[in-house]
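All remarks here apply to the structure that follows.
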Amino acid sequence: MKIITEKGHEIKLNKFIDWILYMIGYTIVLVLIDKIFNSFDIDNILYGFLAVLIIYLLNKTIKPIIFKLTIPITGLTFGLFYPFINLFILKIVDFILGNHFHIHGIISGVLIAVMISVMNFFMEELIIKPIIRRCNNE
């Protein structure tokens, strides 16, 4: 597998390497959230990475369906219901991983879901995308 691919005059990182960078960044975010909040527990970084993979799969499969079903509620609450969708995804991961990944409480879970979204945004914009741009420009 090539790390760098060439298309015409453009040199780019392999899409799989891009995806791995995102997964590592999101794993770091989950571990940081685990350290910040007492009501969120991950056993170790391996389970953090596994949780990120499961969240990724759920976000690609189940989340669009849930979002479409809850559009009326999300619209009535002016978008304030959307973190509850993220909490539902996190609770599914909690159920799948059992004792290795746990969120205690609903209110703290919503706050954790919001913090994960915010930290993922900053991780993506300030760290991951600049690395990918730098690798693509060389």
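What follows draws every value from the coordinates through simple rules; no lab data is involved. This one's a predicted model, so the numbers in the text were calculated from it and none came from an experiment. Backbone-built Cβ (ideal geometry, glycine too); neighbour counts: all protein chains shown.
Per-residue ellipticity at 222 nm from helix content only, as computed over the chain with -39500 (n - 2.57) for each DSSP H run of at least four residues, stands at -23000 deg cm²/dmol.
Pairs of lysines 8 or more apart, or on different chains, with alpha carbons under 23 Å: count those in region 4-137, would you? Summing the qualifying lysine pairs gives 12. Here the Karplus curve 6.51 cos²θ - 1.76 cosθ + 1.60, taken at θ = phi - 60°, turns the phi angles of region 61-77 into couplings of 10, 8, 4, x, 5, 4, 4, 5, 6, 9, 4, x, 5, 5, x, 5, 9 Hz, with x standing for Gly and Pro.
The HN-Hα couplings worked out from phi for region 104-109 by the Karplus form 6.51 cos²θ - 1.76 cosθ + 1.60 (θ = phi - 60°) are 9, x, 7, 5, 5, x Hz, whole numbers, x standing for Gly and Pro. Checking [x] 15.9; [y] 15.1; [z] 16.4 against Kirkwood radius over Cα pairs in Å calculated from these atoms, the matching label is [z].
Placing pseudo-labels 7 Å out from each Cα toward the beta carbon at Met23 and Asp43 gives an inter-label distance of 1.9 nm. Sorting the segments 111-119, 129-137 by their mean number of nearby beta carbons within 10 angstrom, highest to lowest, gives 111-119, 129-137.
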